[in-house]
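The values are calculated or read from the model by the stated rules, or taken from the named source; none is laboratory data. In this text, all values refer to a predicted model and were calculated from it rather than measured experimentally. Please note: Cβ atoms are built from the backbone with ideal geometry, for glycine as well, and neighbour counts cover all protein chains shown.
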Ligand code: NAD
Ligand code: IPM
Ligand code: MN
């Protein structure tokens, strides 16, 4: 049996509560098929408060040698916003060049959508993961004076856009063959126009895939008025962040929304995490839904080529939701119920 090393970063808040269930699902799903070795990384708020470390270089280098990463969530109200988010989570996505942030949304049978007539919802957001406003370009001068100036600069490179566009079209070929570019090209004319031109050019290589365009503001309307129209949504880093939280809400809550931060050329390990955060409002109560984390474990397995084992996790989740989706349950009850079906 082949050996795989998995880095586990539970992180903060409910990340610590849901990640053990994702790991248990992994362990149970691959039983016998492969030898998975887990390496836990103590990174996040507690570590930072204890010794000031956010992501030491040696630990980053060690993470780089693993085959995949399972992450919970990062962020803590005791720590200034951005320190851990940028210094730990985004640093991982950037240093490991995880340029595809893959965020599927599916309305499962048994889940109550807030939409009156949700229809069939099954789409994937392909969010660019290493560029845009997330680069950290920009700065502040004359801080704390009435003349303060703060800038955030969105960086979009033809190289960075083209590789994620290609990923989206390849993915569409395996699905319903439709790509919707979401941007704000009516205002962000430089980046928006470049995204559109690259989509048009790459799209010509995929004659079977149709593509259309939607401004981000209108996309938030269609997400609630007609989500069935979407198959593959292709968008930049910030729009993708916002749209996927809305998508999560539409399919019953972010507690069901998994994601993969993918380095699609496999130069570095990819990272799998729920799209939600550390949820300080419910952390410590034992009520966070571990389903998103468990589905992220399935995405990890699929990425490593264990398609059948991933499918078994998906099926266990689907059956669990169909039967008990509307029953109030604790984190551990949901985790146990899903594992019992595996
Ligand atoms: P959040 O996603 O943590 O929470 C938003 C809402 O969703 C809250 O009401 C929360 O209770 C609920 N929720 C989230 N996950 C849930 C689950 N599994 N089950 C049930 N309910 C769930 O977003 P936020 O409150 O804006 O951010 C909290 C912290 O998390 C911040 O520090 C933020 O920076 C960080 N964050 C981290 C990530 C990440 O690590 N990938 C993602 C988003 C936010
Ligand atoms: C997410 C989060 C992160 C993001 C933050 C915490 C940096 O909101 O994973 O969706 O904006 O990508
Ligand atoms: Mn987000």
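Yes/no per residue for (1) more than 16 Å from ligand 2 (Cβ to nearest atom); (2) over 25 Å from residue 132 (Cα atoms); (3) part of a strand (DSSP E or B); (4) touching a strand residue (DSSP E or B) at 6+ places or on another chain (Cβ under 9 Å):
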{"position": "6", "(1), (2), (3), (4)": "yes, yes, yes, yes"}
{"position": "49", "(1), (2), (3), (4)": "yes, yes, no, no"}
{"position": "66", "(1), (2), (3), (4)": "yes, yes, no, yes"}
{"position": "85", "(1), (2), (3), (4)": "no, no, no, no"}
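Would you confirm whether any residue within the stretch 305-328 is near ligand 1 (Cβ under 10 Å from one of its atoms), more than 30 Å from residue 131 (Cα to Cα) and more than 14 Å from the chain's Cα centre (by Cα)?
In the first step, residues of the stretch 305-328 are kept if they are near ligand 1 (Cβ under 10 Å from one of its atoms); the result is none.
Looking through the stretch 305-328, none of the residues is near ligand 1 (Cβ under 10 Å from one of its atoms), more than 30 Å from residue 131 (Cα to Cα) and more than 14 Å from the chain's Cα centre (by Cα).
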Problem set entry | Whichever residue in the stretch 68-83 is near ligand 2 (Cβ under 10 Å from one of its atoms) and surrounded by 19 or more Cβ atoms within 10 Å (Cβ to Cβ) and, among such residues, is nearest to residue 261 (Cα to Cα) | 71
For this session: Hey, could you check the stretch 226-285 for residues that are more than 23 Å from residue 63 (Cβ to Cβ) and near ligand 2 (Cβ under 10 Å from one of its atoms) and say which is modelled with the lowest pLDDT?
Result: 254
Exercise. Which one is farthest from residue 341 (Cα to Cα), of the residues in the stretch 266-283 that are more than 7 Å from ligand 1 (Cβ to nearest atom) and in contact (Cβ under 8 Å) with a residue 40 or more places away in the chain?
Worked result: 267
Seminar exercise, completed: Within the stretch 245-261, residues within 10 Å of ligand 3 (Cβ to nearest atom) and either more than 13 Å from the chain's Cα centre (by Cα) or crowded, with 24+ Cβ neighbours inside 10 Å (or both) come out as 257, 259
Problem set entry | Pair list, Cβ < 9 Å and 6+ apart or interchain, from the stretch 24-40 residues that are free of Cβ contacts under 8 Å to residues at least 60 places away in the same chain to residues that are exposed (fewer than 14 other Cβ atoms within 10 Å of the Cβ) and outside any strand (DSSP E or B) | 32/1; 35/1; 35/2
